[in-house]
């Protein structure tokens, strides 16, 4: 274990956000809920915590074909300077028979023989998660039945820290006290989460499950002399969607004073332009961080936050505190599995592809902080893939770091990697220490502008060679 002071809220939010695209592709609603009394900064091992959450959330999405997945963080108690924090991952998936609840936490166990055949997996993730929960002074369990979904829960003992941000997080925002807010969302869980969040800031939330009811509530409030100054509207709802609702609000002179914020599960092409055309004040992608929502609300209403945004917690191990979403392009399944295991142990989110062509397609659809690119692959090798990626980046101006993975360690091979546009070079077999060193190198440059580096007039090969120097 590697206990450090870390931002618990950000840790949970980052893990959930890493699965946003996967949930959107499956048309599954993905949400997270952090109770208002859960301290923001705590002492514990964020890498191990992420490892459990990644496993449970990955399983929940794997076994859920429709409905929702919700990650909840709760404060269960406090003994001395240690809090007992409980994490729930609830889904509406296939469920697990009661007589299999204990067995699934054993190594290489699955609920039944068809699980591996239909969904894949080794049956090791839950066994490892159970051991890690125990190491953090907690336990893990499941509540489930076939066809009714599952809720996997685990607890961890996390230490208290005297961070001033923890006290500030519990204080209502003076500028928002008693302010009515209308929450419009067809998903009942989303409405409840937003209701709890806004109540924690001292606001008075009202809810509507659709556009027609929202218009009715807004007009009634106006007629009664207490119009809503703010509406939080889900963009994609059945029947009247959020954009049509916003249009009707803007077109009705009786409701012209309402400030509209659009919240949507994923950004569809043209959504941002539609928001501008409709005069929508803010547009946020779900799942939304509390701090982002608060900042957006205060900004659109012209209020100042009563406390500055908390600075990132200092940690002793930079790769444990900084979550990276990493694309692996590797055709050898054994090497894939080893890389995945090492990255998850460090608390990162690995995504695998088997050749350069798949890597390019995945990069076009999703955002990644880093690519680990094998040099020798079928269909399209690492050199070709990197050249294609760099060609595309000349248009976008964005630069994703690419670390070459190769079985060779000759000087000529390193030069070939740099000329192709790769940023760093790792020779196989890859050790955890070398991999961590490469990730730290990437993390240290996250605050810098890759775009500025790309736009320099220095020849590409010289620029990349410079990047490799200590």
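Where a number appears in this text, it was derived from the coordinates with a stated rule and is not lab data. Only a predicted model underlies this, so the values are computations on that prediction, with no experimental measurement involved. Here the Cβ positions follow ideal geometry from the backbone for every residue, glycine too, while neighbour counts run over all protein chains shown.
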Expressed in nanometres to one decimal, the distance between label points 7 Å along Cα→Cβ at residue 74 and residue 227 is 4.1
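Using 0.36 nm per residue, how much length does the chain from residue 407 to residue 376 gain when fully extended, once their Cα-Cα distance is taken away? Walk me through the numbers on the way to the answer.
Values: separation 31, 0.36 × 31 = 11.16 nm, distance 0.87 nm.
Length gained between residue 407 and residue 376: 10.3 nm.
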Kirkwood calc, region 174-300, C-alpha pairs only, radius in angstrom 14.4
The FRET efficiency for residue 384 and residue 26, from their Cβ-Cβ distance with R0 = 25 Å and rounded to 0.05, is 0.20
Quick calc: nm separation of the 7 Å Cα→Cβ label points for residue 99 and residue 361 -> 4.2
Subtracting the Cα-Cα distance of residue 206 and residue 300 from 0.36 nm times their residue separation yields 31.9 nm
Expressed in angstrom and ordered largest first, the alpha-carbon extents of region 336-438 along the principal axes are 35, 32, 25
What the 10 Å binned alpha carbon P(r) of region 1-99 shows, as percent of pairs per bin from 0, is 15, 45, 29, 11, 0
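Under the 0.36 nm per residue contour assumption, what length would be gained going from the current alpha-carbon distance of residue 433 and residue 256 to full extension? Display every interim value, and only then the final one.
Details: separation 177, 0.36 × 177 = 63.72 nm, distance 5.90 nm.
Stretched fully, the residue 433-residue 256 segment lengthens by 57.8 nm.
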